[in-house]
Structure formats: structure tokens, C-alpha cells
Amino acid sequence: MSYKKHLFFSILSLLILLVSHNNGFFWDNVTFGYKMGNHLFYNGLFDFHFPDEFDPGHPPFLAFILASSWKIFGKNLLVSHMALTPFVYGYFVQVFLFCKQFTKSKIQSYFAFLLVVLDPTMSAQLVLISPEVIQVFFFLLVVNNLHKNYFVKTLGLFFLGIITYRGMMLFAGIFLYETVHHLWGTRNHLKSFFSKKIFMCYGLGAIPAFSYIYFRLSGKGWLQTHPNSPWESLWHFASFGEFVKNCIVLVHRYLDFGRVAIFVILIVLLIFQRQLFLDKKNKKLLLLAFSSVFFVASISLIAINPFGHRYFVVSYLIFTIVAFRGLSLLPKKRKKLVYGLLITSLISGNLWVYPREISQGWDASLAHVPYFELRQKAIQYLDENNIPIHETGTFFPNGGKIDKIDLSNDSREFLNFKGEEPYVFYSNVYNLSDDEISLIDTNYKTIKILRSGTVRIEILQHN
């Protein structure tokens, strides 16, 4: 790849840093980044024995990167985002290389690249302090080197399997893809698949994952939940009705935030241009789209634990490439029109906001971005009006210390809402239960509203 492309992706990565460096920890990343990172920062970088009260069981990959960066450069949001900037750059490079494999010209590669990176869910991960961008980078690094550079492939698998448990499942998904493609795609025997290179790549690559699982089971005796875990109630097998509901939710995750246009195009092409799905490269892409997230989707469907949009970002990426390749079957004028509609749909996905009665994946689109600045203004309003933080109830992920969101060293703590607090700090980016909404509507009155873009924060006072 030319130095001009590297310069382009470097500038793009720095622009992401510039616009996101004040974005705080959000949703699950409060645990994966702040809480686990804080523990390593104060107790030692290799003290992986996290307190049960917030231990999610996942490998502390993101936390280790953050804590290491904090020790060297200082503990603040800018340093946190800078620590992820190399992975953002790597993500852009690997996406472009992936697109290049499935397009016919340089200009097509850039158009495909643009369509892929505009996915709202992955765009959101780029501006958050999140392990997702690291995970997708290593996934693409492996996929781009499946039959090219076995050292890089092994290195990618080595790190992919130690980021989160989903990283381990993506690792298994890549292995599934290679196995099925060998048997179905090239019509070879299973015995011929297990070559020395395959054993070396996956055997060496799996060492961190198996080592971590052994460490967890021998040290704590459990992987992700235990009887006193705050997430224990969420990790049980789903009933048939819950399984059906999970299937509907899974379909929604794929169609949400503007991606519906991608799948409408794919369905139309399946009906009227069936040859698209007979193309050898498209078959490979579709197989990879399904097999890569097979284990993630399977676990998500059989458990009652709700699953996020970001769980399937690699699959969204691949389906987008298939849809882009399908545009080549359309007349030139219609091709431009449909491409423009796809771009518009994905961009508009960042503006999709549901009514407060419907839970929304706020960490899965850029709709949440104004929240961080609004939160600071709301806290300033509380201070200026002598409203005590310790008498103010709020909701996940804003509960607890102010510092855990913005690394401001402000140790004042919000209360977790119970309906008895004198004041309430509410935002539409918090997914409330029906009971919580009812309590607010019945017992509180709004004394201040702050708005920016798609985000709203309300300060309420008890009647």
C-alpha cells in the first residue's frame, strides 16, 4: 500500500481523535475500561484478580492498554483515546485491504471503503473508548492474511483470542469458515485441511485464550458469572418464548440504524439478480458473514442476557461489501442512485432515536455523542443551583462517581435511582424500565432541560 494511503488513513485517525477526545466512558465500557483499568492502574498492571463486584470475567485487554498508557502519559480522556488511535488507524487500513480484495478498481475500493466505515455501529465504536475497534482490527488482520502471511495470521489470532470472550468466539468463527470453505468451497477432504500450517496457526494463536480460561477457572472457579455477580440473573438458558424473542431482536440488530437499506438491496438482488449469489467471491463473503459470528449468535440466542448491536459488526461489514458488489449488476445511472441511497440511509441511522419506552442501543450509533458535553453542563447546573450530587438519583451508566465517566478526579457520587431521591438526573440515553418511567412521571417535576442534537438531559425534583 502506498505512503499516500497510509497518510490518508493516518489523517483520518487523527481526525477521529480530534472530535472524540472528550468522549467519556459509556455503557459497558465503564466496566471494561474505567473500573478494570483503574484496578490495574492502582494495584499493578498484572493484577488480574478483579473484585467480584465488577469482575465481568472477560480478559482485561482494553484495561491493560489504558492502565499502561495512564502510567506513562497521565490519566485522562485524551490519553485514553490516544491509546486506541493506532487500532483505529489499523482498522481503516485493514478495511481498505479487505475491500480491495473484492472490488475491481482503486476507485471502487474507496467507494466500498466509504460505505463500510459509515456503518453507524462501527462508527460509534471509533469515537468511544471501546475494545470493539481493537477486536475488529485483529479480526480483519487475520481474514486479510488467511492464505497470504501465516505469521501475521497467527499473530492476529493470538491477540484476537485474548481481547474478550467474543474475540474468542470470532476466533472460532474464522476456524469454522476455513473448515467449511475447505470442504464446501474447494471440495476437498477434511483430512487434507489439517495441515501443519493450520495446526501451527490455530494452535499457537489459541495459547492466550486457553491460558486465560485456565487462569480464570483455577483462580476463581468461574468464567463470567457467579452466585453473587450483578449479571448472574442474565446468564441462564432462554425458554422457547425467549428464544423466539431473541431471534426477532437479532434480526432487528441487523436492520437497525439504517442498515435496513443494505438488506433491502440484498433481498431485491436475490429475487431479480440471483447470479450475484452464485459468484465465487460472493459465496466466500456470505459464508464468512455467517460463520464468523456463528458462535456469538448461537450463545446470544440461547441465553436471556440481552445482546448488543456491536456483537455483529464484522458481519455487518461483510454484508455491506456483498451489497456493494451487487451494484455492479445495475445500470450506471441506477447504480449511482442506489449507492447514494445506501450512504444516506447509513448516515441517517445516526439520527434514529426511539421513544423512551423502547430500549435503544445508544452505544451503537453516533446519536449518543452530544451526551458527554451535555452531562458536563448538567453537572455545572447542579453545582450552580446548590443541588447536591449525593442527593441526586440517576441511571446506568451514570451512577456512582462522576470520575468514572470523564476521569475528572471528581469523587462525588450520584445515587442509583430508587424513586425516593430529592432530585433526579435523567437522560434519554438511559434505557429505563416501565416502572422507573412511571415513578418519574408520578413523583417528579422537571426543573431544567438541556438539549443537543438527539440527546436530552432533564433535572427533576421530587414533588
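The values are calculated or read from the model by the stated rules, or taken from the named source; none is laboratory data. Remember, it's a predicted structure, so these values are computed and weren't measured experimentally. Reconstructed Cβ throughout: ideal geometry from the backbone, glycine too, with neighbour counts over all protein chains shown. Accessible surface areas use protein heavy atoms only, side chains included; no ligands, DNA or RNA. Shrake-Rupley method; radii C 1.70, N 1.55, O 1.52, S 1.80 Å.
From (1) outside any strand (DSSP E or B); (2) over 19 Å from residue 268 (Cβ atoms), pick out the condition that doesn't hold for residue 415.
For residue 415, the failing item is (1).
Residue 172: within 28 Å of residue 56 (Cα to Cα), of a type outside the set (Asp, Glu) and in contact (Cβ under 8 Å) with a residue 60 or more places away in the chain, yes or no?
Working: within 28 Å of residue 56 (Cα to Cα): yes; of a type outside the set (Asp, Glu): yes; in contact (Cβ under 8 Å) with a residue 60 or more places away in the chain: yes.
Taking the combined requirement at face value, the residue satisfies it.
Among (1) open to solvent by less than 20 Å² (accessible area, probe 1.4 Å); (2) farther than 21 Å from residue 77 by Cβ; (3) not in a strand (DSSP E or B), which single condition is residue 426 missing?
Just one mismatch for residue 426, condition (3).
Checking residue 342 against (1) surrounded by fewer than 21 Cβ atoms within 10 Å (Cβ to Cβ); (2) within 22 Å of the chain's Cα centre (by Cα), which test does it fail?
(1)
Examine the stretch 48-68 for a residue that is touching a residue at least 60 places away in the same chain (Cβ under 8 Å), within 22 Å of residue 126 (Cβ to Cβ) and polar (S, T, N, Q), and state whether such a residue exists.
no
Out of 416, 431, which single residue is of a type outside the set (Asp, Glu), under 28 Å from residue 308 (Cα atoms) and buried (at least 16 other Cβ atoms within 10 Å of the Cβ)?
Working: 416 fails: buried (at least 16 other Cβ atoms within 10 Å of the Cβ).
Going through 416, 431 in turn, the sole match is 431.
Among helices (runs of 4 or more DSSP H) lying entirely in the stretch 216-330, which contain 3 or more residues that are more than 22 Å from the chain's Cα centre (by Cα)? First the steps, then the outcome.
Values: elements: 240-255, 260-272, 280-292, 294-302, 313-326.
Hits in the stretch 216-330: 240-255, 260-272, 280-292, 313-326.
Would you check if there is a residue in the stretch 216-227 being modelled with pLDDT of 90 or more and open to solvent by less than 30 Å² (accessible area, probe 1.4 Å)?
We begin by selecting, within the stretch 216-227, every residue modelled with pLDDT of 90 or more; these are 216-218.
Remaining after also requiring open to solvent by less than 30 Å² (accessible area, probe 1.4 Å): 216.
For the stretch 216-227, residues modelled with pLDDT of 90 or more and open to solvent by less than 30 Å² (accessible area, probe 1.4 Å): present.
If residue 431 meets every condition in (1) under 30 Å from residue 262 (Cβ atoms); (2) part of a strand (DSSP E or B) apart from one, which number is that one?
Residue 431 satisfies every listed condition except (2).
Pull out all pairs, ordered by first then second residue, where Cβ-Cβ is under 7 Å, the residues are six or more apart or on different chains, the first lies in the stretch 321-336 and is closer than 17 Å to residue 271 by Cβ, and the second is in a helix (DSSP H, G or I) and basic (Lys, Arg).
327/335
On the given criteria, is residue 300 at pLDDT below 95, open to solvent by less than 60 Å² (accessible area, probe 1.4 Å), hydroxyl-bearing (Ser, Thr, Tyr) and closer than 30 Å to residue 235 by Cα?
On the way: at pLDDT below 95: yes; open to solvent by less than 60 Å² (accessible area, probe 1.4 Å): yes; hydroxyl-bearing (Ser, Thr, Tyr): yes; closer than 30 Å to residue 235 by Cα: yes.
Yes.
Within the stretch 1-47, track down each residue that is more than 20 Å from residue 71 (Cβ to Cβ), of a type in the set (Phe, Trp, Tyr) and either in contact (Cβ under 8 Å) with a residue 40 or more places away in the chain or in contact with a Phe, Trp or Tyr (Cβ under 6 Å, 6 or more places away or on another chain) (or both).
If the condition is that a residue be more than 20 Å from residue 71 (Cβ to Cβ), of a type in the set (Phe, Trp, Tyr) and either in contact (Cβ under 8 Å) with a residue 40 or more places away in the chain or in contact with a Phe, Trp or Tyr (Cβ under 6 Å, 6 or more places away or on another chain) (or both), then 9, 26, 27 are the ones that fit.
Which numbered condition trips up residue 274, out of (1) free of Cβ contacts under 8 Å to residues at least 60 places away in the same chain; (2) surrounded by 12 or more Cβ atoms within 10 Å (Cβ to Cβ)?
With respect to (1) free of Cβ contacts under 8 Å to residues at least 60 places away in the same chain; (2) surrounded by 12 or more Cβ atoms within 10 Å (Cβ to Cβ), residue 274 is out only on (2).
Take the conditions farther than 23 Å from residue 411 by Cα and open to solvent by less than 40 Å² (accessible area, probe 1.4 Å) and apply them to residue 17. Does it pass? Let's see the steps before the verdict.
On the way: farther than 23 Å from residue 411 by Cα: yes; open to solvent by less than 40 Å² (accessible area, probe 1.4 Å): yes.
Answer is yes for this residue.
Mind checking which residues of the stretch 358-391 are without any contact (Cβ under 8 Å) to a residue 40 or more places away in the chain, outside any loop (DSSP other than H, G, I, E, B) and surrounded by fewer than 21 Cβ atoms within 10 Å (Cβ to Cβ)?
376, 380, 383, 384, 389, 390, 391 - these are the residues of the stretch 358-391 that are without any contact (Cβ under 8 Å) to a residue 40 or more places away in the chain, outside any loop (DSSP other than H, G, I, E, B) and surrounded by fewer than 21 Cβ atoms within 10 Å (Cβ to Cβ).
Checking residue 435 against (1) within 23 Å of residue 377 (Cα to Cα); (2) at pLDDT below 95, which test does it fail?
So the condition that residue 435 fails would be (1).
Where residues in the stretch 166-197 are more than 22 Å from residue 286 (Cβ to Cβ) and more than 29 Å from the chain's Cα centre (by Cα), which of them is least open to solvent (accessible area, probe 1.4 Å)?
First pass over the stretch 166-197, keeping only residues more than 22 Å from residue 286 (Cβ to Cβ): 167-168, 189, 191-192, 194-197.
So of that shortlist, the ones also more than 29 Å from the chain's Cα centre (by Cα) come out as 189, 191-192, 194-197.
Values: 189: 147, 191: 183, 192: 68, 194: 86, 195: 47, 196: 166, 197: 118 Å².
So the residue we want is 195.
Go through (1) in contact (Cβ under 8 Å) with a residue 12 or more places away in the chain; (2) farther than 30 Å from residue 338 by Cβ; (3) open to solvent by 20 Å² or more (accessible area, probe 1.4 Å) one by one and return the number of the condition residue 118 breaks.
With (1) in contact (Cβ under 8 Å) with a residue 12 or more places away in the chain; (2) farther than 30 Å from residue 338 by Cβ; (3) open to solvent by 20 Å² or more (accessible area, probe 1.4 Å) applied to residue 118, the lone miss is (2).
What are the pairs, 6+ residues apart or on separate chains, where a residue within the stretch 77-94 that is touching a residue at least 60 places away in the same chain (Cβ under 8 Å) has its Cβ under 8 Å from a residue that is open to solvent by 10 Å² or more (accessible area, probe 1.4 Å) and of a type in the set (Gly, Ala, Ser)?
Pairs found: 80/69; 82/69; 89/10.
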